[in-house]
Amino acid sequence: MNIDEHKIDDAALAILSLTLNEDGRAWKQIDWVVMSRLYEKGLIHDPRGKQKSVQFTEKGVKLSRQLLEQLFAAKE
């Protein structure tokens, strides 16, 4: 699959804006509220802990791959 990096950049910027404050700064990680919703939907395992990574469930892996192609595949 050929990925449109401009779409990835746009999505990353939009996600970062979720934690944007009035000083124009944003956290470099995904918002915890979003992570909790992904966990409640059964797409990732419990994200709480000191680890800087999160384990996807089988359902989460499948859906993430579908969404990657749906949202970011470059038009040929």
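Numbers at a glance
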| item | result |
| --- | --- |
| Some residue of segment 6-16 being open to solvent by 70 Å² or more (accessible area, probe 1.4 Å) and either more than 15 Å from the chain's Cα centre (by Cα) or small (Gly, Ala, Ser) (or both) | yes |
| Test result for ALA26, small (Gly, Ala, Ser), loosely packed, with under 14 Cβ neighbours inside 10 Å and closer than 20 Å to LYS7 by Cβ | no |
| Pair list, Cβ under 7 Å, 6 or more apart: segment 13-24 residue free of Cβ contacts under 8 Å to residues at least 60 places away in the same chain, other residue open to solvent by 70 Å² or more (accessible area, probe 1.4 Å) | ILE15/ILE30; THR19/TRP27 |
| Pairs where the first residue, in segment 49-63, is under 16 Å from TRP32 (Cβ atoms) and the second is among the hydrophobic types (A, V, I, L, M, F, W, C), C-beta under 6 Å, 6+ apart | VAL54/ILE44 |
| Selection count where residues are within 22 Å of ASP9 (Cα to Cα) and either in contact with a Cys (Cβ under 8 Å, 6 or more places away or on another chain) or surrounded by fewer than 12 Cβ atoms within 10 Å (Cβ to Cβ) (or both), scope segment 52-64 | 2 |
| Residue match in segment 39-51 (condition: at pLDDT 95 or above, part of a helix (DSSP H, G or I) and either open to solvent by less than 60 Å² (accessible area, probe 1.4 Å) or of a type outside the set (A, V, I, L, M, F, W, C) (or both)) | yes |
| Within segment 29-38, tally of residues that are surrounded by 14 or more Cβ atoms within 10 Å (Cβ to Cβ) and part of a loop (DSSP other than H, G, I, E, B) | 2 |
| Candidate set: segment 52-73, residues that are modelled with pLDDT of 90 or more and of a type in the set (Gly, Ala, Ser); chosen: the one farthest from the chain's Cα centre (by Cα) | ALA73 |
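The values are calculated or read from the model by the stated rules, or taken from the named source; none is laboratory data. The structure displayed is predicted, hence computed values, not measured ones. No Cβ is skipped: glycine too gets one built from the backbone with ideal geometry, and neighbour counts run over all protein chains shown. Surface accessibility is based on the protein's heavy atoms, side chains included, excluding ligands, DNA and RNA. Shrake-Rupley method; radii C 1.70, N 1.55, O 1.52, S 1.80 Å.
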